[in-house]
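> One structure is given below, represented as structure tokens, and several questions about it will come after.
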Amino acid sequence: MTGVSQSDIPPSAQKVVDFLAAAGHPHEVVMLPVTGRTAADAAAALGVELGQIAKSIVFRRKSDDAAVLVVTSGDLRVDEKKVATLVGKLGRADADFVKAATGFSIGGVSPIAHSKAPVMLIDRELFRYTQIWAAAGHPYTVFPLSPDELVELTGAPVAEIA
């Protein structure tokens with residue numbers, strides 16, 4: 001796997017490439033040889049532990065229809081009750097809502113470069129790893145970073161949510 005050449009970049013991933021470049025992020029977006037729609041698919045393609053995949057889960061906050069983006073380790077499930085305690089009652093976010101709220105389709109939701117800033121939380125369990133991999137706006141694109149870099153890039157609080 002290599003960094004993605006400009007001609008290979010899907011338009012949705014280009015937003016992530018541009019965001020990372022503007023932020024001075026030292027790592028490139030990588031194109032997977034197979035889909036990374038699930039954390040298991042991405043981990044297998046990258047040859048890393050499932051927990052190193054920073055999966056993005058989007059909910060809809062009931063009080064105001066705000067998107068709530070939770071980033072957690074691929075080997076864990078989000079505890080909706082813990083998230084709701086922090087941000088308010090949650091509802092399900094369908095594919096149309098996710099695309100409209102983040103600018104990305106399910107399976108490629110990046111933790112950065114959203115069309116509208118979501119309410120965001122980062123699971124502290126990601127800090128078990130020195131390097132994690134996050135979706136880069138398309139099911140075939142990812143990028144590496146540390147949990148600290150994720151916090152720096154997003155400004156999101158870290159919480160116990162798994």
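Throughout, read-outs are computed from the coordinates displayed, never taken from laboratory work. Keep in mind it's a predicted model, so treat the numbers as computed, not measured. Note that we place each Cβ from the backbone using ideal geometry, even for glycine, and neighbour counts take in every protein chain shown.
> Just tell me the longest site-free run in the chain, where the sites are GluC sites (Glu not before Pro) in a DSSP loop having at most 14 other beta-carbon atoms within 10 Å. Kindly include the intermediate steps, with their values, before the conclusion.
Numbers: sites that count: 49, 160.
No qualifying site falls inside 50-159, the longest such stretch.
> Residue-wise, which Karplus ³J(HN,Hα) couplings in Hz belong to region 153-159, taking 6.51 cos²θ - 1.76 cosθ + 1.60, θ = phi - 60°, and x for glycine or proline?
Once θ is set to phi - 60°, the couplings for region 153-159 become 6, 9, x, 7, x, 9, 8 Hz.
> Follow-up. Could you run the Karplus curve 6.51 cos²θ - 1.76 cosθ + 1.60 with θ = phi - 60° over region 12-18 and give me ³J(HN,Hα) per residue in whole Hz, x for Gly and Pro?
Values per residue, Gly and Pro as x: 5, 7, 4, 4, 5, 4, 5 Hz.
> Restricting to Cα pairs below 8 Å that are 6+ residues apart, what does the relative contact order work out to for the chain? Please round to a whole percent. Kindly include the intermediate steps, with their values, before the conclusion.
Values: 334 pairs, mean separation 43.6, N = 162.
Relative contact order for the chain comes out at 27 percent.
> On to the next question. At 0.36 nm per residue, and after removing the present C-alpha to C-alpha distance, how many nm does the segment from residue 65 to residue 105 gain when stretched out fully? Kindly include the intermediate steps, with their values, before the conclusion.
Values: separation 40, 0.36 × 40 = 14.40 nm, distance 1.78 nm.
Difference between extended and current length: 12.6 nm.
> Choose one answer from 48, 58, 142: the residue with the largest mean-square fluctuation in a GNM of the chain with alpha-carbon springs under 10 Å.
Highest fluctuation among the options: 48.
> Count the DSSP beta bridges whose two residues both fall in region 6-159, then state the antiparallel fraction as a percent rounded to the nearest 5.
Numbers: 16 of 24 bridges.
Roughly 65 percent of the DSSP beta bridges within region 6-159 come out antiparallel.
> Then there's this: Spin-label point model (7 Å from Cα, Cβ direction): what's the residue 127 to residue 96 distance in nm?
4.0
> So, in Å, what gap is there between the alpha-carbon centers of region 54-98 and region 124-140?
Answer, in whole Å: 17.
> I want to verify a result. In a Gaussian network model of the chain, Cα cutoff 10 Å, which of these has the top mean-square fluctuation: 105, 73, 115?
115
> Once you have the Kirkwood Rh of region 60-115 from its Cα pairs, apply Stokes-Einstein at 10 °C and 1.306 mPa s and quote D in µm²/s. Each step should come with its number before you reach the end.
Details: Rh = 12.0 Å.
D, rounded to a whole number, is 133 µm²/s.
> While we're looking at this one, here's another question. Return the distance in nm (one decimal) between the two label points of a simple spin-label model at residue 18 and residue 84, each offset 7 Å from Cα along Cα→Cβ.
Result: 3.8 nm between the two label points.
> Excluding residues fewer than 8 places away in the same chain, name every one of the lysines whose C-alpha is closer than 17 Å to that of residue 99.
15, 55, 116
> Let me ask you something else. Net charge near residue 67, counting Lys/Arg +1 and Asp/Glu -1 over other residues with Cβ under 11 Å of its Cβ? Don't jump to the answer; show the numbers that get you there.
Details: positive: 60, 61, 99, 116; negative: 64, 65.
Charge balance near residue 67 sits at +2.
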